[in-house]
1. Quote the charge dipole size of the chain about the Cα centre in Debye, to the nearest 20; the model charges only the Cβ of Lys and Arg (+1) and of Asp and Glu (-1).
2. To the nearest 0.05, how large is the calculated FRET efficiency for Arg69 and Ser49 if R₀ is 25 Å and r is the Cβ-Cβ distance?
3. Go ahead and estimate [θ] at 222 nm for the chain from helices alone: -39,500 (n - 2.57) per DSSP H run with n ≥ 4, summed, over the residue count, rounded to 500.
4. Which distance in nm do the two modelled labels at Arg31 and Val114 give, with both placed 7 Å along the Cα-to-Cβ direction?
5. Rounding to the nearest 20 debye, state how big the charge dipole of region 8-63 is about its Cα centre with +1 on each Lys and Arg Cβ and -1 on each Asp and Glu Cβ.
6. Residue farthest toward the positive end of the dipole of region 7-122, with Cβ of Lys/Arg at +1 and Asp/Glu at -1: which of Gly76, Gly61, Val11?
7. Which ³J(HN,Hα) values in Hz, rounded to whole numbers, follow from the phi angles of region 39-54 under the Karplus curve 6.51 cos²θ - 1.76 cosθ + 1.60, where θ = phi - 60° and Gly and Pro get x?
8. Estimate the FRET efficiency between Asp39 and His7 by the formula 1/(1 + (r/R0)^6), using the beta-carbon distance for r and 25 Å for R0, to the nearest 0.05.
Amino acid sequence: MGEPEPHVLVVDDDPVIVRLLELNFRLGGFRVSSARRGDQAVDRALEVSPDAIVLDVTMPGIDGYEVCRRLRDDHGMHEVPVVLLTAHAQDEDHARGDALGISAYVTKPFDPEVLVVTVREALRSGGPP
């Protein structure tokens, strides 16, 4: 038997993107859980303890930055790599994410295969920078 499949939590409010990510991560050898809202993402992360999280920034309710902050501060998930999947790519967006320990940024529109590789690299490097 080989190593267990890494478990990724994908979070996006667009059901088409969630389905695309689920498919690509499964094809890439991952177990996948998903959520479509920020509050659901926090609950789901605590439920499944993912190895990595792919997180959209703009969602109804709480945004991706707040999801990350809650997971890091309130629930001690400091070591879980978080990859932001976002259309927000300004310097201030990166600074805000860097302060939260974001492992990587992937800008929408995106190549799903590149995202899978980015998550694998974040897992290899062992969590937030």
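Nothing in this text is a laboratory measurement; each read-out follows from the coordinates by a stated rule. Predicted model, so just to flag it, every value in this text is computed and none were measured. Please note: Cβ atoms are built from the backbone with ideal geometry, for glycine as well, and neighbour counts cover all protein chains shown.
1. Working: 13 positive and 23 negative charges, 52 e Å.
It works out to roughly 240 debye.
2. With a Förster radius of 25 Å, E is 0.85.
3. On the way: 5 runs with 52 residues, N = 129.
After summing the helix terms and dividing by residue count, I get -12000 deg cm²/dmol.
4. 3.0
5. Working: 6 positive and 10 negative charges, 52 e Å.
Dipole about the Cα centre, nearest 20: 240 debye.
6. Value computed over the given set: Val11.
7. 5, 5, 4, 4, 4, 5, 4, 5, 6, 9, 6, x, 7, 8, 10, 9
8. Working: r = 20 Å, r/R0 = 0.81.
FRET efficiency, Asp39 to His7: 0.75.
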